[in-house]
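The values are calculated or read from the model by the stated rules, or taken from the named source; none is laboratory data. All values reported here derive from a predicted model rather than from experimental measurement. Glycine gets a Cβ as well: all are built from the backbone with ideal geometry, and neighbour counts include every protein chain shown.
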Amino acid sequence: MRTAFLSSIFLALIVGISSVVHAASPADHVESLVAAQLAPDAQVVTINLNTADEATLQRELTGVGAAKARAIVAYREANGDFASADELLEVKGVGKAIYEKNRDKVAVN
């Protein structure tokens, strides 16, 4: 009986120590991921709304597929060059959510 009790205590101790050791590892992994995302050599691609073609808009802008890229080019052709990046909100199918995701990626120069 005493042997079973001591074995149980020993097993509980080993499991507890193992849990503590493994719990520290994900935090280290998360820190490395955050550091990689904040790396100073990461470049943000800027897309000129007045010159970009459909393929570029679709490839570089988040949430913009073929139909929205086509709508952006059609809006530009119908209304002339974009005066500001905010005018992207006037394009049918482009709402605040898509604009906010891409605000730092678009320009009109």
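Contact map, region 91-107: first residue under 17 Å from D81 (Cα atoms), second residue polar (S, T, N, Q) and at pLDDT 95 or above, Cβ cut-off under 7 Å, separation 6 or more or different chains; pairs are A107/N48.
Considering only region 55-85, how many residues are in contact (Cβ under 8 Å) with a residue 24 or more places away in the chain, part of a helix (DSSP H, G or I) and crowded, with 17+ Cβ neighbours inside 10 Å?
The initial filter retains those residues of region 55-85 that are in contact (Cβ under 8 Å) with a residue 24 or more places away in the chain, namely 60-64, 67-68, 76, 81-85.
Okay, now just the ones that are also part of a helix (DSSP H, G or I), so 60, 67-68, 76, 85.
After this cut, where a residue has to be crowded, with 17+ Cβ neighbours inside 10 Å as well, the list is 68, 76, 85.
Selection size over region 55-85: 3.
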